[in-house]
């Protein structure tokens, strides 16, 4: 069983769905902590180490962000704050008149076990910023993140559909593959 530290219920639902695919049980604990400013990797390492020390057991945390090329990677590591303060409507206003719509969602899983240093696992999914919000599924930037191969935004995909290829799926899959391989050693 893996302990997932997050206060975000949407992340829990997605992670449970992904862990189920791989037959790994997931426990959820909401353990609030101050996040340092830095890269997704920095935040994930810090959170995993902090939670591991507090609970004295192996844990994972996740930090994720939306990186828009035309906005020099904004909102990036500030995605949660930007979502809360600006929202999708204002991101679309910032993108008004911009032809380069390339964006990627990135997810970093931080894992730490007692008496060890944290490890990180990066996942990403490439897409574009839509010209308008589409769909009411998912959360945060999902209605404006268009996956060209699907012809839909994350907001138009069910959790199960999104979890087939999302940034979170990619990072969690890398972690799970590494984690189960540790039993073989």
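Counting residues in the range 92-102 that are touching a strand residue (DSSP E or B) at 6+ places or on another chain (Cβ under 7 Å), more than 28 Å from residue 176 (Cβ to Cβ) and part of a strand (DSSP E or B) gives one or more.
Being touching a helix residue (DSSP H, G or I) at 6+ places or on another chain (Cβ under 9 Å), over 26 Å from residue 82 (Cα atoms) and modelled with pLDDT of 90 or more, is that true of even one residue in the range 130-147? No; the residues of the range 130-147 include none that is touching a helix residue (DSSP H, G or I) at 6+ places or on another chain (Cβ under 9 Å), over 26 Å from residue 82 (Cα atoms) and modelled with pLDDT of 90 or more.
Residue 42 meets the conditions (1) surrounded by 14 or more Cβ atoms within 10 Å (Cβ to Cβ); (2) in contact (Cβ under 8 Å) with a residue 12 or more places away in the chain in every case but one. The failed one is (2). What number goes with the only condition from (1) in contact with a helix residue (DSSP H, G or I) (Cβ under 8 Å, 6 or more places away or on another chain); (2) farther than 20 Å from residue 22 by Cβ; (3) buried (at least 17 other Cβ atoms within 10 Å of the Cβ) that residue 162 does not pass? So the condition that residue 162 fails would be (2). The one condition from (1) loosely packed, with under 15 Cβ neighbours inside 10 Å; (2) within 18 Å of residue 26 (Cβ to Cβ) that residue 174 does not meet is (1). Selection of the range 55-81 for residues being at pLDDT below 95 and in a helix (DSSP H, G or I) yields 79, 80, 81. Taken together, the criteria exclude residue 152 from residues that are under 17 Å from residue 40 (Cβ atoms), at pLDDT 95 or above and surrounded by fewer than 23 Cβ atoms within 10 Å (Cβ to Cβ).
For the range 155-169, the candidate set comprises residues that are assigned to a helix (DSSP H, G or I) and in contact (Cβ under 8 Å) with a residue 24 or more places away in the chain; within that set, the residue that is farthest from the chain's Cα centre (by Cα) is 160. Considering the range 7-28, and only residues there that are in a loop (DSSP other than H, G, I, E, B) and at negative phi, the residue that is surrounded by the fewest Cβ atoms within 10 Å (Cβ to Cβ) turns out to be 25. Considering (1) in contact (Cβ under 8 Å) with a residue 40 or more places away in the chain; (2) surrounded by fewer than 17 Cβ atoms within 10 Å (Cβ to Cβ); (3) part of a helix (DSSP H, G or I), the lone condition that residue 143 does not fulfil carries the number (2). How about the range 89-113: which of its residues are touching a helix residue (DSSP H, G or I) at 6+ places or on another chain (Cβ under 8 Å), surrounded by fewer than 20 Cβ atoms within 10 Å (Cβ to Cβ) and either touching a residue at least 60 places away in the same chain (Cβ under 8 Å) or more than 18 Å from residue 148 (Cβ to Cβ) (or both)? Those that are touching a helix residue (DSSP H, G or I) at 6+ places or on another chain (Cβ under 8 Å), surrounded by fewer than 20 Cβ atoms within 10 Å (Cβ to Cβ) and either touching a residue at least 60 places away in the same chain (Cβ under 8 Å) or more than 18 Å from residue 148 (Cβ to Cβ) (or both): 94, 104, 113.
Taking interchain pairs and intrachain pairs at least six residues apart, which have beta carbon atoms under 6 angstrom, with the first residue in the range 115-131 and under 12 Å from residue 66 (Cβ atoms) and the second at pLDDT 95 or above and assigned to a loop (DSSP other than H, G, I, E, B)? These pairs meet every condition: 128/101; 129/95; 129/101.
The values are calculated or read from the model by the stated rules, or taken from the named source; none is laboratory data. Because the structure is predicted, anything quoted here is derived from the model rather than measured. Here Cβ is always computed from backbone atoms with ideal geometry, including for glycine, and neighbour counts include all displayed protein chains.
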